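In what follows, a structure is listed as structure tokens, so that the remarks can point back to it.
The values are calculated or read from the model by the stated rules, or taken from the named source; none is laboratory data. Remember, it's a predicted structure, so these values are computed and weren't measured experimentally. When we count neighbours, we look across all protein chains shown, and the Cβ atoms used for this are built from the backbone with ideal geometry, even at glycine.
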Amino acid sequence: MSQVIFNIIFTPHTVRCLLPFAESIQRHNDVGIRLVSNNCSEKEDLQLKSKATNSECYHYYKVNTNKILQHHEVLNELYNIEEGHYFCFMDSDIFCNDCFLPFYLEKLEYSSAVFACKPILESPLSPEINKLQGRHFHDRNNRLIGGSYFAIYKRTAIEQAKQSLGFLFDRKDWNELNKNLQSKLEAKNMVYERYDTGKLLNFTILENGGQLDYHEHPNLFHIGGVSWNDSLIEQNAKKPSFPNNLLGDVLRRRQKVAKYFSDFIAHCLDNTEIPDVPQLSQSENEKLKEVSMALRKLYHS
């Protein structure tokens, strides 16, 4: 059995369309996959559990909740059941078309953690920000602070940071932090109103002398935001609303791209009408077409 197990978290009404993404990760790499139900329906839980029952490469885990937990809450729970040398996770709307794992394991020979998979066509982000959000891989000083889309950590680095912090991937506001941690952040010009999932853990890994790495890989694709789009929500299901912090221009653009891919996935699954490609630049539209071809191959393999 592989020493690397990726935790992939499913929210309600997404298993049918996104389980093939997880299958692509396992098919092309020597990894285990933990299929995590974050308040999925009974039908979806049965589908995930069946996948794990019929293959030793898959594991099933149901988060202890009767509501959808936030990302950092689920990661904390998953970390506490992890027994391997690494702690790994990726968003459920990430897929691959070939092997990528050896590339990242090589990076971990000298790093504490490695991150990847910014959403397709992610726009540049302003360095002058008041909140260090999940989509910010760098702080205002252009220092790598890691992401929460795709990550492989050495567990020893997390354990050491946890001893200093007293918590794991928790999202925290500035006024929740103790004076000692605030002083360390002030010294590095890293004062923010809020620190999103894993940011303070990653900061502490750096403070402890660890190293973080960020590398994209041509065989990995992250759609971004698929689980929030109406075209993939089961009929008669309650549709999620976008939180207020998802209303900025950058995320409106990402939402447009995600909507296109959600409609395209619906086309692949149910033979609905092929959606029009969003009007972006010529190079961006070429990228969308490239990923669309990869998706079509994924669903019809």
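Worth a mention:
Let's see how each residue does on (1) more than 18 Å from the chain's Cα centre (by Cα); (2) not hydrophobic (A, V, I, L, M, F, W, C):
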{"residue": "LEU35", "(1), (2)": "no, no"}
{"residue": "CYS40", "(1), (2)": "no, no"}
{"residue": "GLN47", "(1), (2)": "yes, yes"}
{"residue": "ILE68", "(1), (2)": "no, no"}
{"residue": "GLU73", "(1), (2)": "no, yes"}
{"residue": "ASN76", "(1), (2)": "no, yes"}
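- Counted residues, segment 18-40 - those being touching a residue at least 40 places away in the same chain (Cβ under 8 Å) and more than 23 Å from HIS217 (Cα to Cα): 1
- Within segment 94-105, the presence of a residue that is farther than 21 Å from PHE203 by Cβ, assigned to a loop (DSSP other than H, G, I, E, B), in contact with a Cys (Cβ under 8 Å, 6 or more places away or on another chain) and at pLDDT 95 or above is excluded.
- Taken over segment 48-75, residues that are out of contact with any strand residue (DSSP E or B) (no Cβ under 8 Å at 6 or more places or on another chain), assigned to a helix (DSSP H, G or I) and crowded, with 17+ Cβ neighbours inside 10 Å amount to 2.
- Count of segment 262-301 residues which are of a type in the set (A, V, I, L, M, F, W, C), part of a helix (DSSP H, G or I) and touching a helix residue (DSSP H, G or I) at 6+ places or on another chain (Cβ under 8 Å): 9
- No other residue among LEU295, LEU232 is surrounded by 18 or more Cβ atoms within 10 Å (Cβ to Cβ), within 20 Å of the chain's Cα centre (by Cα) and at pLDDT 90 or above apart from LEU295.
- Scanning segment 133-168 for residues that are closer than 12 Å to ILE205 by Cα, in contact with a helix residue (DSSP H, G or I) (Cβ under 6 Å, 6 or more places away or on another chain) and of a type outside the set (Gly, Ala, Ser) turns up ILE145, LEU165, LEU168.
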